[in-house]
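What follows is calculated from the coordinates using simple rules that are stated; it is not laboratory data. Treat the numbers as computed from the prediction; the structure is a model and nothing was measured. Quick reminder, even Gly has a Cβ in these numbers, built from the backbone with ideal geometry, and neighbours come from all protein chains shown.
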Amino acid sequence: MEHQKKMSWQLPLVTLVGVLLSSTLNNAPAQTVPQIAEKALASTVSLEMQDRNGMLLGRGSGFFVRHNLIVTNYHVIEGAAQGTAKLVGKDTKYTVEGITATDKTNDLALLKVLAGYGIKLLPLGDSDTVQVGETVYVAGNPLGLEGTVSDGIISSRRNRDATEQLQMTAPISPGSSGGPVLNNKGKVIGVSVAVYGGLEAQNLNFAIPSNYLKTLLARSGTVKPFSQESQSISAETYFNRGYEKGKLGDHKGAIADYTQAIRLQPDARAYFNRGYEKGKLGDHKGAIADYTQAIRLQSDSAYAYLNRGNAKRKLGQHFASIFDYDTAIRLQPDYALAYNNRGVAKRNLGQHFAAISDFDTAIRLQPDYVHAYLNRGVARENLGQHFAAISDYDTAIRLQPDYALAYLSRGDAKADLGQHFAAISDYDTAIRLQPDYAPTYNNRGGAKDNLGQHFAAISDYDTAIRLQPDYALAYYNRGGAKADLGEYAAAISDYDTAIRLQPDYADAYVNRGIAKEELGQHFAAISDYDTAIRLQPDYADAYAGRGVAKVKLGEYAAAISDYDTAIRLQPDYALAYYNRGVVKGLLEHFWEAKQDLRTAYKLAEQAGDESLKARIKKTLQIVDR
């Protein structure tokens, strides 16, 4: 007869103690947020996983569940050959010896490390009791920022791929995957994992229930080398790893992972994200090719059309970008960003009224859309609507008080209105908010130049050039300030640099020509004016400048011909009329000279140019004799 063991109602002492402890823990009072954070971070680690050659594959988080066991996401260690773990706030790194158990379905892995017994462990809670709306706390290392705690609530319990996960509002950024998710009693109710979004780029934050972790702990056994557990990497892991690398600024590494994901499983998400990373590296043509593939695979993605439009716009293909923005808007009529970006493309084409209409729509759809106010302000400024532009910049600053570009743009509008002191004040604020932005120093230098503060202006141009050594406009402006101080040779040197950096810079040729004239280099000046005219055939100032140089060489008829052209191109050009009148006087064509001088006087009066009016009066007195 087979022996049958009799059942006993007496629990073993170990089991009884466990029940009593469990009962005590379940009734534990809520802890303060600082207490929870302190305990969570004392157990949380930062993981770095490498391949066989020691190259970094990715980063993640984990936490100690036993003195020598760390739990993390499986995707964090997938494909790795080695790795290290570092406690938050500590210098010691633990070598990961291997894997004791994995649960690929639930994205969990247990890692064995050689650690001391002083490690603080986090108690595991019962994830089955977690309620929607319950507050939770997530510890991890987002974007490489070691030791961060964020909070949120459980927003849903969801079944994903035949397993349950807890959806939550607490953010999980790259680097935080695998960290502990705790309730208000400081107990782990889940392991964090982000599900990285597709084309709409919306990441969903989940916690893998702690009861799955308890099951995995029961299966923890002999340590196995990485190679036995992860000989190959799935497309999804490559995708997730690429996403994390991109967020950490490793754009080349992200592209390599997305390429592997596409090789294993071509899908729209991977093409889209690879295109985005290429754009970050300035490869806009490559980005367009990837966005096109994403659109071919998912033709109703407004986001893919938007980003392809952005890439085309950065290549100067504004009409083509508008076509993509049109499609994005047709697919998603309330897409404020698409209206804003289409407005920018139209503004770049000089279609300022149409651009403003798009910015209006973006603002109607999203009344707190800071960038749309800024962009509308720029379009209005291009139309000469400076007060309206300032109003838009005011709104942008009210919505985002630390928006350096809004202060810079408002300063530009005030400078255009001649309010140079007020402009400088805005530039000062922009520089305080963003000290390394070269254009702000350049524009502040321009305002100081207009106030006659040439030395102070040169100092600002110097800073702009130090921050951006290939900044042609800053060299050009510094040359102008030096010319105003009579330092013509130094000015020419700056114009030379501006032209070397931007060989089609017509203004630089004209101003270099003026500086050469001041040094008596009239033939060299004419050569510069010739180049400016070749680059910009309707450049009235270049013809007028060449006329002055020809007068100094005694070529009066040729000079009059140049003044004729300047006046035809710019009929209100008072100085060209004046100079032509002077030359006609030298040729003793007094009646014609008086006609030009009187026209010049009328135009100077309309422009409020008192200095030119005084010169014309003196010249008329001479001609009348």
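Worth a mention:
- Residues whose amide H lies under 5 Å from that of residue 96, counting only those 5 or more places away or on a different chain, are 83, 84, 85; hydrogens are built 1.01 Å from N in the peptide plane.
- Over the stretch 467-507, the reciprocal of the mean inverse Cα-Cα separation, the Kirkwood hydrodynamic radius, stands at 9.9 Å.
- For residue 177, distant residues with modelled amide H under 5 Å away: 61
- For the stretch 29-229, the Cβ-based charge dipole about the Cα centre amounts to some 460 debye (Lys, Arg positive; Asp, Glu negative; other atoms uncharged).
- Using θ = phi - 60° and Karplus 6.51 cos²θ - 1.76 cosθ + 1.60, couplings along the stretch 504-518 (whole Hz; Gly, Pro as x): 9, 7, 4, 4, 5, 5, 4, 6, 5, x, 4, 5, 5, 4, 4
- Per residue, the convex hull volume that the Cα atoms of the chain enclose (Å³): 210 Å³
- At the listed q of 0.08, 0.10, 0.14, 0.15 Å⁻¹, the Debye profile of the stretch 29-229, built from one uniform point per Cα, gives log10 I(q)/I(0) equal to -0.23, -0.36, -0.72, -0.84.
- The relative contact order of the stretch 497-614 comes to 16 percent, based on Cα pairs under 8 Å that sit 6 or more residues apart.
- FRET efficiency, residue 353 to residue 402 (Cβ-Cβ, R0 30 Å, nearest 0.05): 0.45
- Neighbour-count ranking [beta-carbon atoms within 10 angstrom, fewest first] of 358, 267: 267, 358
- Size descriptor, Kirkwood hydrodynamic radius, that averages inverse alpha-carbon separations across the stretch 443-518, Å: 11.9 Å
- The stretch 29-229, relative contact order [Cα under 8 Å, separation at least 6], %: 23 percent
- Lys/Arg +1, Asp/Glu -1 at C-beta; the chain dipole; positive extreme among 255, 433, 291: 255
- Taking the stretch 255-365 and dividing mean pair separation by its residue count, relative contact order in percent (alpha carbons under 8 Å, at least six apart): 17 percent
- Fraction of the pair-distance distribution of the stretch 386-486 above 16 Å, Cα-Cα pairs, percent: 54 percent
- The charge dipole of the chain, taken about its Cα centre with unit charges on the Cβ atoms of Lys, Arg (+1), Asp and Glu (-1) only, comes to about 1220 debye.
- For the chain, with +1 on Lys and Arg beta carbons and -1 on Asp and Glu, the positive-most of 159, 540, 559 along the dipole: 159
- Global dimensions of the stretch 572-625 from alpha-carbon coordinates: Rg and Dmax equal 9.9, 29 Å.
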